[in-house]
Amino acid sequence: MILAESIGRLETESAFEVLARAAALERQGREIINLGIGQPDFRTPEHVVEAAVKALRDRAHGYTPAQGLLPLREAVAADVARRRGAEISPENIVIMPGGKPTMFFAMMLFGEPGAEIMYPDPGFPIYRSMIRYTGAEAVPIVLREENGFAFSAEEILAGITPRTRLVIVNSPGNPTGGAAPREEVEKLVAGLMDHPHVALMADEIYGRMLYEGREHVSFLSFPEIRDRLILLDGWSKTYAMTGWRLGWSFWPDALVEKAVRLCVNSHSCVNAATQWAGIAALEGPQDAVEAMMAAFDERRRVIVRRLNQLPGITCLDPAGAFYTFPNISGTGADARTLQTRFLEEAGVATVAGPSFGLHAKDYIRFSYANSVENIERAMDRIAGVL
């Protein structure tokens, strides 16, 4: 068989590799505390589950429009108005099977040999993978610990060249938990006015996951950028619906038909019952979301305190999401070695920083999507290894 050269440029998501190794150890009888995988450990709210069951019983079994059910797109637009204070049309919304298709479609639309696409580093590893797959040059936007792992608008703007097609930002971010303050968002939007050839993809999947009263500043709040803004969001994190594979994206008028065409050529449509569940999530009670975030907030404080007590490790307080990204340089060990030792010797699954980019060699990601009790036990075990 002769394969396309481009497939060799696709990378992977190391968190799933760690999960597989942890599962193998569990099959051998080991007890593993998983602080590696990026998914909430909560149940999907019951009223959301019941909405999907009702849809199936009501025979919502057929194809749906490639762009998504209109009632769901209307519910998304209403939620954006309610939570982000921005008025958008359902016609600019495309329902996706998760968040990754929006990323992939954006890369497919802008990426080709000779083009540049800027992406966060450390960042979600699939950004770089998909950019490289298209043949475009992946240009890192370095997120610095001293800046709370928030992007610097000045550095992004300074890195734009005539070959830059797309800038990707993720706030709050994976793997760092960093979040950009309003002044940086405003500075980036203002600066992009001088670069009309550059589009922006804002990954806001963690937009409702912020701590200590921090404000989520959505790029949808800036009408001046909407003619070249792609925005990614969904239900996976906020509503503990990772396995449901349901996301949504905003596309400007010039791109929405192209995005829908990519849907038709790839997954056809998102399954019907999941879309009705998505409506229930947005329009129904939000108490389960609030309870989940209160639990994450408690865990955040526990894990940051315990990590900072470990020898050779320092940890910033994350602004959002459910990850900490401690600096392990003081241990004298490299991140991948520690990832292996934590798993094999302590029975604690984590993900080494280099899995998230070229500028993360001194870090390890800990997800605190686990109970306080398990976090405390994991820190005790790691202390024994160190």
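The values are calculated or read from the model by the stated rules, or taken from the named source; none is laboratory data. These figures come from a predicted structure and were not determined experimentally. Here the Cβ positions follow ideal geometry from the backbone for every residue, glycine too, while neighbour counts run over all protein chains shown. Surface accessibility is based on the protein's heavy atoms, side chains included, excluding ligands, DNA and RNA. Shrake-Rupley method; radii C 1.70, N 1.55, O 1.52, S 1.80 Å.
Cα centroids of the stretch 140-219 and the stretch 64-92: 23 Å apart.
How high is the relative contact order of the chain? Use alpha-carbon pairs under 8 Å, at least six apart in sequence, and give a whole percent.
Details: 741 pairs, mean separation 91.2, N = 386.
Computed over the chain, the figure is 24 percent.
Of the trypsin sites (Lys or Arg not before Pro) found in the stretch 38-132, those in coil by DSSP whose Cβ has at most 14 other Cβ atoms within 10 Å are ARG43, ARG59.
Using DSSP loop states and a limit of at most 15 other Cβ atoms within 10 Å to flag GluC sites (Glu not before Pro), what is the longest stretch of the chain containing no flagged site?
Details: sites that count: GLU11, GLU31, GLU87, GLU212, GLU215, GLU345.
That would be 216-344.
If the chain linking HIS47 and GLU344 were pulled fully straight, counting 0.36 nm for each residue of separation and taking away their Cα-Cα distance, it would gain 102.9 nm. Site pair LEU25 and ASP253 shows an inter-label distance of 5.5 nm when each label is modelled 7 Å from Cα along Cα→Cβ.
Express the relative contact order of the stretch 258-386 as a whole percentage, based on alpha carbon pairs under 8 Å and six or more residues apart in sequence. Mind dumping the intermediate values first?
Numbers: 153 pairs, mean separation 29.2, N = 129.
Worked out over the stretch 258-386, it gives 23 percent.
Using r as the Cβ-Cβ distance of THR161 and ARG261, and R0 as 25 Å, what FRET efficiency do you calculate, to the nearest 0.05? That pair, THR161 with ARG261, gives E of 0.30. Oblate is the label for the stretch 212-278, because the ratio a/c of its alpha-carbon gyration tensor axes (a ≥ b ≥ c) is 1.5 or higher and a/b is not greater than b/c. Taking amide H as placed 1.01 Å from N in the peptide plane, THR164 has its amide H under 5 Å from the amide H of GLU116, each at least 5 places away in sequence or on another chain. With every protein chain in place, what's the accessible area of TRP244 (1.4 Å probe, Å², nearest 10)? About 60 Å², ignoring ligands and nucleic acids. Please report how far the C-alpha centroid of the stretch 223-269 lies from that of the stretch 270-333, rounded to the nearest whole angstrom. Spelled out, the Cα-based centre of one part sits 23 Å from the other. For the stretch 313-326, backbone phi angles converted through the Karplus equation (6.51, -1.76, 1.60; θ = phi - 60°) give residue-by-residue couplings of 10, 10, 9, 6, 7, x, 7, x, 6, 9, 10, 10, 9, x Hz, Gly and Pro being listed as x. Our helix-only sum for the chain, with -39,500 (n - 2.57) per DSSP H run of n ≥ 4 divided by its residues, gives a mean residue ellipticity at 222 nm of -12500 deg cm²/dmol.
Evaluate the stretch 241-294: find the radius of gyration of its Cα atoms, find its Kirkwood radius, and give the ratio Rg to Rh. If you can, show how the numbers build up before the last one.
Values: Rg = 14.5 Å, Rh = 13.4 Å.
Here Rg/Rh amounts to 1.08.
Can you give me the long-range amide H partners of GLY98? Hydrogens built in the peptide plane at 1.01 Å from N, cutoff under 5 Å, separation of 5 or more residues or another chain. Sorted by chain and number, the residues that satisfy this are LEU246, GLY247.
Across the stretch 125-140, rounded Karplus estimates of 3J(HN,Hα) from the backbone phi angles (6.51 cos²θ - 1.76 cosθ + 1.60, θ = phi - 60°) give x, 6, 3, 4, 4, 6, 4, 5, 4, 6, x, 6, 8, 8, 9, x Hz, Gly and Pro being marked x.
By how many nm would the segment from GLU283 to MET1 lengthen if fully extended, with 0.36 nm per residue of separation less the alpha-carbon distance?
Numbers: separation 282, 0.36 × 282 = 101.52 nm, distance 5.03 nm.
Value of the extension gain: 96.5 nm.
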